[in-house]
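Novice: Structure in structure tokens, see below.
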Amino acid sequence: MEVETLDWEPDRAAELLSRDQPTLFMVGSGVEGPLCSNPLHDWVREPAADEDVELRLQTLAQRHAALNGSALTIELGDGTVRVGDKVEVLPPLEADLLTALLERESKVVSRQSLMTAVWPAGDGDRNRLDAAIHRLRLRVEPLGIDIVTVRRRGYMLRAG
């Protein structure tokens with residue numbers, strides 16, 4: 001599933017609204033919002049509260065999963081991740097990150113939540129987290145698992 005968060009550009013409206021993928025438009029004040037008849041499209045007026053944007057993204061992800069009738073099925077145990085017949089062995093830190101993302105599958109997980117999950121003593125920082133996410137992405141992308149960066153929100157796990 002692909003979720004796009006875009007600044008509203010009226011010139012691109014027809015193209016974006018014709019696509020059948022989850023899209024959240026960020027509409028500036030004084031600009032008329034789009035007519036979103038597709039359940040995979042939504043919009044929010046800027047400035048928007050982080051909680052509102054996160055809820056809208058989660059709703060779009062849930063609608064997409066429901067419409068496609070498929071959910072991501074990942075087996076994670078002893079640092080080994082299995083998707084179908086594909087297997088990858090993960091170092092402990094990356095396994096902990098993937099576990100934290102799986103707990104909120106198709107939902108945005110804040111950076112702070114991820115740091116707390118993998119460094120409960122508080123010794124992690126944003127740079128260490130971003131580097132660990134990068135390494136995890138390289139390991140799980142061949143399995144069909146994408147970890148999406150949701151700007152100013154965190155990360156989200158999705159089926160590739």
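Novice: Those residues that are of a type in the set (Ser, Thr, Tyr) and within 14 Å of the chain's Cα centre (by Cα), I need them from the range 88-112; list them, please.
Specialist: Result: Ser106, Ser110.
Novice: Just to check your reading of the model, which residue among Arg128, Arg135, Arg152, Arg139 is part of a loop (DSSP other than H, G, I, E, B), basic (Lys, Arg) and open to solvent by 60 Å² or more (accessible area, probe 1.4 Å)?
Specialist: Sole residue among the options that is part of a loop (DSSP other than H, G, I, E, B), basic (Lys, Arg) and open to solvent by 60 Å² or more (accessible area, probe 1.4 Å): Arg152.
Novice: Checking Leu55 against (1) open to solvent by 90 Å² or more (accessible area, probe 1.4 Å); (2) touching a Ser or Thr at 6+ places or on another chain (Cβ under 8 Å); (3) not β-branched (Val, Ile, Thr): exactly one of these is not met. Which one?
Specialist: Of (1) open to solvent by 90 Å² or more (accessible area, probe 1.4 Å); (2) touching a Ser or Thr at 6+ places or on another chain (Cβ under 8 Å); (3) not β-branched (Val, Ile, Thr), only one is false for Leu55: (2).
Novice: Under 7 Å by Cβ, and 6 or more places apart or on different chains, what pairs join a residue from the range 98-121 that is more than 19 Å from Gly144 (Cβ to Cβ) with one that is surrounded by 16 or more Cβ atoms within 10 Å (Cβ to Cβ) and of a type in the set (D, E, K, R)?
Specialist: From residues that are more than 19 Å from Gly144 (Cβ to Cβ), the pairs are Val108/Glu54; Val108/Arg153; Ser110/Arg153; Ala117/Asp96; Val118/Asp96.
Novice: Residue under question is Pro91, and the condition is that it be modelled with pLDDT of 80 or more, farther than 19 Å from Thr149 by Cα and either in contact with a helix residue (DSSP H, G or I) (Cβ under 9 Å, 6 or more places away or on another chain) or surrounded by fewer than 12 Cβ atoms within 10 Å (Cβ to Cβ) (or both); does it hold?
Specialist: yes
Novice: Here is a further query. Select from the range 15-41 the residues that are part of a helix (DSSP H, G or I) and not acidic (Asp, Glu) and write down the one among them that is most open to solvent (accessible area, probe 1.4 Å).
Specialist: Ser18
The values are calculated or read from the model by the stated rules, or taken from the named source; none is laboratory data. Worth saying up front: this structure is predicted, and the values here are computed from it rather than measured. Cβ coordinates were reconstructed from backbone atoms using ideal geometry, including for glycine residues, and neighbour counts include every protein chain displayed. Keep in mind that these areas ignore ligands, DNA and RNA; they rest on the heavy atoms of the full protein, side chains included. Shrake-Rupley method; radii C 1.70, N 1.55, O 1.52, S 1.80 Å.
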